[in-house]
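Undergrad: What follows is a structure written as structure tokens; I'll ask about it next.
The values are calculated or read from the model by the stated rules, or taken from the named source; none is laboratory data. Note that the coordinates shown come from a computational prediction; the quantities given were computed from them, not determined experimentally. For neighbour counting, all protein chains shown are included, and Cβ atoms are generated from backbone atoms with ideal geometry for every residue, glycine included. These area figures cover heavy atoms from the full protein model, side chains too; ligands, DNA and RNA do not enter into them. Shrake-Rupley method; radii C 1.70, N 1.55, O 1.52, S 1.80 Å.
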Amino acid sequence: MMIQVRYFSKGGNTKKLADCIARTAGVQAQPIRNGASDQADILFLGASVYWGGIDSQVKEYIKQLDPKKIRKVVVFSTSALAQRAFPNIRKRLEKRGIPVAEENFYCRGEFTALHKGRPNADDLKAAGKFTRDILH
């Protein structure tokens, strides 16, 4: 099975999850700035919500994905506030004809004085379990 892990992270929170997911899946996490993914049975795609939406780089990355090469996307995200990136990312992927798993992973991310230390060890443990559940 071809597995890819791609992410966008301004402050490092989503990168922590990406690295954990990639380690669990036995692959290397790559930032989306490295370009669109090659062939993937499962593409784990990570982002965060910034000021009520996903970053324009994530939107551009999604536009670059080839629906013929991606069998399914699994979304993971962080944010300091309650909003998740999943609904926005899913809508954009489905509009392009790329299947999206209903299962997604979310945890709080540290931002200034909010949620210090997040994602923490418990969050990463949960992300690892989420990944194993997706892959089995």
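Undergrad: If you bin the C-alpha pair distances of the chain every 5 Å from 0, what whole percents do you get?
TA: Histogram of Cα-Cα distances, whole percents per bin: 2, 11, 23, 26, 21, 12, 4, 1, 0.
Undergrad: For region 73-136, restrict the atom set to alpha-carbon positions and state the Rg and Dmax in Å.
TA: 13.1, 39
Undergrad: Return one whole number: the accessible area per residue of region 56-97 in Å², for a 1.4 Å probe.
TA: Dividing the accessible area of region 56-97 by its residue count gives 58 Å².
Undergrad: Just flag the GluC sites (Glu not before Pro) in region 97-136 sitting in loop per DSSP whose Cβ has no more than 15 other Cβ atoms within 10 Å.
TA: Listed in order of number, the matching sites are Glu102, Glu103.
Undergrad: First select every other residue whose beta carbon is under 12 angstrom from the beta carbon of Lys59; then total the charges, Lys and Arg +1, Asp and Glu -1.
TA: That works out to +3.
Undergrad: Calculate the translational D of region 29-73 in whole µm² s⁻¹ from Stokes-Einstein, where the hydrodynamic radius comes from the Kirkwood formula applied to all Cα pairs, the temperature is 20 °C and the viscosity 1.002 mPa s.
TA: 191 µm²/s
Undergrad: Here's another thing I want to ask about it. Using Cα springs under 10 Å in a Gaussian network model of the chain, which residue among Ala40, Ala80, Ala101 shows the largest mean-square fluctuation?
TA: Ala101
Undergrad: Given springs between every Cα pair under 10 Å in a Gaussian network model of the chain, which of Val49, Val100, Val27 has the largest fluctuation?
TA: With Cα springs under 10 Å in the chain, the top fluctuation among Val49, Val100, Val27 is at Val27.
Undergrad: Tell me the carbon and sulfur percent of the accessible area for the chain, rounded to whole percent, probe radius 1.4 Å.
TA: Carbon and sulfur together cover 49 percent of it.
Undergrad: With runs of 4+ DSSP H residues as the only contributors, calculate the mean residue ellipticity of the chain at 222 nm using -39,500 (n - 2.57) per run, divided by the residue total and rounded to the nearest 500.
TA: Taking each H run of at least 4 residues, the total per residue is -10500 deg cm²/dmol.
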